[in-house]
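Participant: Could you have a look at this structure, given as structure tokens, before my questions?
Just so it is clear, none of the values below were taken in a lab; they were calculated from the coordinates. Nothing here was measured: the structure is a model prediction, and the numbers come from that model. Cβ placement follows ideal geometry from the backbone for every residue including glycine, while neighbour counts extend to all protein chains displayed.
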Amino acid sequence: MSYYPEECTHENSFIFIVDSNTENVNLLIDLFQGTKIDCEAVSDGFEALDKIKNRKPDLILIDIIPPGLDGFQLCENFKNNPELKDIPVVFTTTKTDSQYIVKGFESGAGDFIIKPYDSAELLIRLQTHIKNKLHYDELRLINQTKNKFLSLIAHDLRNPFTILLNFSEILYQNFDEFSDEKKKDYLKYILESSQQSYDLMENLFRWARSQSGIMEFYPSRINITEVIKEYILFTKGYVQNKNLNVTFRADMNVFVEADRNMVATVIRNLLLNAIKYTKEYGKIFIETKIRNKFAEISITDTGIGIEKERLDQLFRIDRKVKTAGTNREGGTGLGLILCKEFIEKHGGKIWVESKTGEGSKFTFSIPLAESR
Ligand code: ADP
């Protein structure tokens, strides 16, 4: 998941104005015309408390002394409301004495604008507050998503560790009584669980590195046809184990501008998944196509497929989709998240088409290298 602060815009932002002076309000309405700011104005504090429920604003602009409830009380009221507390409040006032200003900030205001104000300055100040608020909202969402993700990972780590602890303890306690065959069975469970936790940690480690920006990203001109062939060779053992048939139509060499390690990780993950989720004697097709300035690589299998409802949850870090393979192979549920992260880093896309019982087709696009 990426965060691009410059993408925060104040498109369709909404300002809620509390001001009893119609002339002021009209000036503000004129000022916002031609910008992407909508506004609604109310003339007294009590009305404000009622009307604000209709549409949550991105900023609240209060004249310091509206009738009914004064501006400070109103601001405190908003700040005590969990639904509204993060919305910036800006006061407009003719009073310049510091006693008022301090009181306003204490009540939770984010800024003061002294009247008469310069329109351009007012507009830029409001837009800056809105932009900061949107950044804050986005960061909060990212944080929530990451927390959810961490709790899913912690949960996933517990399962293999429970198996490791229980089985090694049983083996240790009964070592002298168990037959060699039984010992071997227990060791097999321990080995599989260790492998599963190791894979999970390895994927988690890569994901964390790519998130924190410390992962090396060195795009260069690479022959992706060769990389695919390399991984077909690498997975030969797994393919033979399940008697699968892998076909790669490689009539030409395709060159892309990409980080070799990242692209190799994506191909490896998609190919291993195709193998994992396809039953014995099934088929896997790999294809490269050129579309506009991108190479499109697709890996299609005749495997178990994915239910429609789960498809759009596959690449999300706050949803964990995990199924055991057709030979009960374990998984981390992190591979596709990594693939998406790596492909998007190149400006490409990754998507999936699938039908339960018929198979899946995973495709990713990656920029072509300049021809030489
Ligand atoms: P893992 O395979 O390690 O569980 P992934 O992130 O690679 O993690 O995949 C997440 C889930 O997506 C899998 O557990 C499985 O439910 C589904 N999936 C991925 N690839 C395929 C495929 N080729 N066929 C069917 N299901 C798949």
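Participant: Show me the chymotrypsin sites (Phe, Trp or Tyr not before Pro) within segment 175-269 that DSSP assigns to loop and that have at most 12 other Cβ atoms within 10 Å of their Cβ. Walk me through the numbers before you get to the answer.
Facilitator: Values: sites: PHE175, PHE178, TYR186, TYR189, TYR198, PHE205, TRP207, PHE217, TYR231, PHE234, TYR238, PHE248, PHE255; in loops: PHE175, PHE178, PHE217.
Taking segment 175-269 and a limit of 12 other Cβ atoms within 10 Å, the loop chymotrypsin sites (Phe, Trp or Tyr not before Pro) found are PHE175.
Participant: Treating the beta-carbon of each Lys and Arg as +1 and of each Asp and Glu as -1, no other charges, what is the dipole magnitude of the chain about its Cα centre, to the nearest 20 debye?
Facilitator: Details: 49 positive and 54 negative charges, 347 e Å.
Dipole size: approximately 1660 debye.
Participant: Still on this structure, please answer the following. Taking 25 Å as R0, compute the FRET efficiency from the Cβ-Cβ separation of LYS51 and ILE113 and round it to 0.05. Before the final figure, lay out the partial values.
Facilitator: On the way: r = 22 Å, r/R0 = 0.88.
Plugging the Cβ-Cβ distance into 1/(1 + (r/R0)^6) gives 0.70.
Participant: Just the Cα atoms of segment 216-372: what Rg and Dmax do they give in Å?
Facilitator: Radius of gyration, then largest Cα-Cα span, for segment 216-372: 15.0, 47 Å.
Participant: For segment 117-276, with only Lys/Arg (+1) and Asp/Glu (-1) charged at the beta-carbon, what is the dipole magnitude about the Cα centre, in debye rounded to 20? Kindly include the intermediate steps, with their values, before the conclusion.
Facilitator: Details: 21 positive and 20 negative charges, 71 e Å.
That gives a dipole near 340 debye.
Participant: From the backbone phi of segment 342-356, what are the Karplus-calculated ³J(HN,Hα) couplings (6.51 cos²θ - 1.76 cosθ + 1.60, θ = phi - 60°) in whole Hz, Gly and Pro given as x?
Facilitator: Ordered by residue, 3J(HN,Hα) equals 5, 5, 5, 4, 8, x, x, 9, 9, 8, 9, 10, 7, 9, 4 Hz.
Participant: Moving on. Is the shape of segment 2-117 best called rounded, prolate or oblate, per the rule: a/c under 1.5 gives rounded, else a/b larger than b/c gives prolate, else oblate, with a ≥ b ≥ c the square roots of the Cα gyration tensor eigenvalues? Show your work: numbers first, answer last.
Facilitator: On the way: a/c = 1.41, a/b = 1.26, b/c = 1.12.
The shape class here is rounded.
Participant: Taking the Cβ of ASN245 as the centre, find all other residues whose Cβ is under 14 Å away and add up their charges (Lys, Arg: +1; Asp, Glu: -1).
Facilitator: Working: positive: LYS236, LYS242, ARG249, LYS279, LYS283; negative: GLU280, ASP301.
Around ASN245, the charge tally is +3.
Participant: What number, in percent, do you get for the relative contact order of segment 2-117 if the mean sequence gap of Cα pairs under 8 Å and at least 6 apart is divided by its residue count?
Facilitator: On the way: 174 pairs, mean separation 26.3, N = 116.
Taking the mean separation of contacting Cα pairs over the length of segment 2-117, I get 23 percent.
Participant: Still on this model: What relative contact order, as a whole-number percentage, does the chain give when Cα pairs under 8 Å and 6 or more residues apart are counted? Mind showing how you got there, number by number?
Facilitator: On the way: 554 pairs, mean separation 43.7, N = 372.
Relative contact order here is 12 percent.
Participant: Any idea what the relative contact order of segment 297-338 is, in percent, if you count C-alpha pairs under 8 Å spaced at least 6 apart? Walk me through the numbers on the way to the answer.
Facilitator: On the way: 22 pairs, mean separation 12.0, N = 42.
It comes to 28 percent, rounded to a whole number.
Participant: Return, ordered by residue number, the residues of segment 162-187 whose backbone nitrogen is under 14 Å from a label point located 7 Å along Cα→Cβ of MET201.
Facilitator: 162, 164-165
Participant: Under a Cβ-Cβ cut-off of 15 Å, what is the net charge of the residues other than LEU69 that fall near it, where Lys and Arg count +1 and Asp and Glu count -1?
Facilitator: Details: positive: LYS51, LYS79, LYS103; negative: ASP19, ASP44, GLU47, ASP50, ASP63, ASP70, GLU76.
Summing Lys and Arg as +1 and Asp and Glu as -1 gives -4.
Participant: Enter the angle in degrees (range 0 to 90, nearest 10) between the Cα long axis of helix 119-173 and the first principal axis of the Cα atoms of the chain, meaning the one along which they spread out most.
Facilitator: 30
Participant: Please compute P(r) over all alpha-carbon pairs of the chain, binned at 10 Å starting from zero, and give each bin as a whole-number percent.
Facilitator: 4, 18, 20, 15, 14, 14, 9, 4, 1, 0
Participant: What ranking do 95-106, 156-167, 338-349, 354-365 get when scored by the average of other Cβ atoms within 10 Å per residue, highest first? Walk me through the intermediate numbers first.
Facilitator: Numbers: 95-106: 13.2, 156-167: 15.4, 338-349: 19.7, 354-365: 17.9.
Per-residue mean Cβ counts within 10 Å order the peptides as 338-349, 354-365, 156-167, 95-106.
Participant: Still on this structure, please answer the following. For LYS103, go through the lysines and keep the ones whose alpha-carbon is under 26 Å away, minus same-chain ones fewer than eight residues off.
Facilitator: LYS51, LYS53, LYS56, LYS79, LYS85, LYS95, LYS115, LYS131, LYS133
Participant: Placing +1 on the Cβ of each Lys and Arg and -1 on the Cβ of each Asp and Glu in the chain, which of ASN77, TYR117, GLN127 has its Cα farthest towards the positive end of the resulting dipole?
Facilitator: Among ASN77, TYR117, GLN127, the one farthest towards the positive end of the dipole of the chain is GLN127.
Participant: Sticking with this one: Can you give me the distance in nm between label points at ASN174 and SER371, each placed 7 Å from the Cα along the Cα-to-Cβ direction?
Facilitator: In this crude spin-label approximation the distance works out to 6.8 nm.
Participant: Send over the semi-axes of segment 43-103's equivalent ellipsoid, whole angstrom and largest first, taken as the square roots of 5 times the C-alpha gyration tensor eigenvalues.
Facilitator: Those come to 20, 13, 10 Å.
Participant: For segment 66-95 and segment 141-183, write down the distance between their C-alpha centroids in whole Å.
Facilitator: Between the Cα centres of segment 66-95 and segment 141-183 lies a distance of 52 Å.
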